[in-house]
Amino acid sequence: MKKERIKHIFEDHWESFAERYNPRIRKNVFREVERMLGCGSLENGYIEYKCEDCGEIKRIGFTCKSRFCTFCGKIHVDDWVEELTGRLINCKHRHMVFTIPDILRSFFMKKRKRLSILTRCSAEVLKSWLKERSKKEEYTPGIVSVIHTFGRDLKWNPHVHVLITEGAVGKETEWKKINYFPYKMLRKRWQKLLLDEIEKEIGKRKGKKLKDEMYKKYPDGFYVYGKGEIKSAKGAAKYVGRYTGRPAISE
């Protein structure tokens, strides 16, 4: 198998692909592909090493530092995991996935800044639930939310991967273990909080119409499911870290 196989595919086909689909390709995609194609090229600068004994010179091209690059993307993920591990509480974490219906996907595609709504709402779902468990304690968990913008079929499908500690800090209690998550309730709360935020963006008139449609079509809420327990902080960081550096390459 050739090294940097994806890069070779782009070298052979990117120009014709870009010419055909230019209006649909975002500017930052052009930028990242160009960086990836130039990764390691001496034309973009290099470090020079010289052997003091024989005088042989070796030049190493600068890397592109793009997450889209299979080489640099791996380094980016490793660095991200190490940095995150230092901030995570070293305890068991629960991995959850918060999804949205097909009809809402275009809302986030039109303005990608809206993706922050997904991470904000998914975290608020869990924080509000825990605070309500005890008004005296107002338990606060540790949460990491990561956006993933495509599904297994590589099509646009924004959803959120969430790591939450299986425990929380209270106002009086140092650490409260949590091993039960009420998914039925979380789904309905996720639906409500998300639709409320979307209504702020599109206005009350359109928002009410959308809410009526969504509550009727999804009476049990938007799908939230738990992918299982992760025992260590580093294991949790590694698991979710892979979602930060995987480029989607589809037809």
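Considering I198, I178, the condition of being farther than 29 Å from T85 by Cβ and not polar (S, T, N, Q) is satisfied by I198 alone.
Of all residues in region 103-136, those that are charged (D, E, K, R) and at pLDDT below 95 total 9. Of the candidates K135, K177, K110, the single residue that is without any contact (Cβ under 8 Å) to a residue 12 or more places away in the chain, in contact with an Asp or Glu (Cβ under 9 Å, 6 or more places away or on another chain) and open to solvent by 20 Å² or more (accessible area, probe 1.4 Å) is K177. For region 58-100, filtered to residues that are open to solvent by 40 Å² or more (accessible area, probe 1.4 Å) and hydrophobic (A, V, I, L, M, F, W, C), the residue that is nearest to F30 (Cα to Cα) is F68.
Looking across region 17-57, just one residue is of a type in the set (S, T, N, Q) and exposed (fewer than 10 other Cβ atoms within 10 Å of the Cβ), and that is N22. Can you pull out the residues in region 150-174 that are buried (at least 18 other Cβ atoms within 10 Å of the Cβ) and polar (S, T, N, Q)? Across region 150-174, the qualifying residue is only T165.
Among the residues of region 194-234, those identified as touching a His at 6+ places or on another chain (Cβ under 8 Å) and open to solvent by less than 80 Å² (accessible area, probe 1.4 Å) are G226, G228, I230, A233.
For region 113-132, taking the residues that are hydroxyl-bearing (S, T, Y) and touching a residue at least 60 places away in the same chain (Cβ under 8 Å), the one that is surrounded by the most Cβ atoms within 10 Å (Cβ to Cβ) is identified as S122.
The values are calculated or read from the model by the stated rules, or taken from the named source; none is laboratory data. Computed from a predicted structure; not experimentally measured. For neighbour counting, all protein chains shown are included, and Cβ atoms are generated from backbone atoms with ideal geometry for every residue, glycine included. Surface areas here come from the heavy atoms of the whole protein model, side chains and all, with no ligands, DNA or RNA. Shrake-Rupley method; radii C 1.70, N 1.55, O 1.52, S 1.80 Å.
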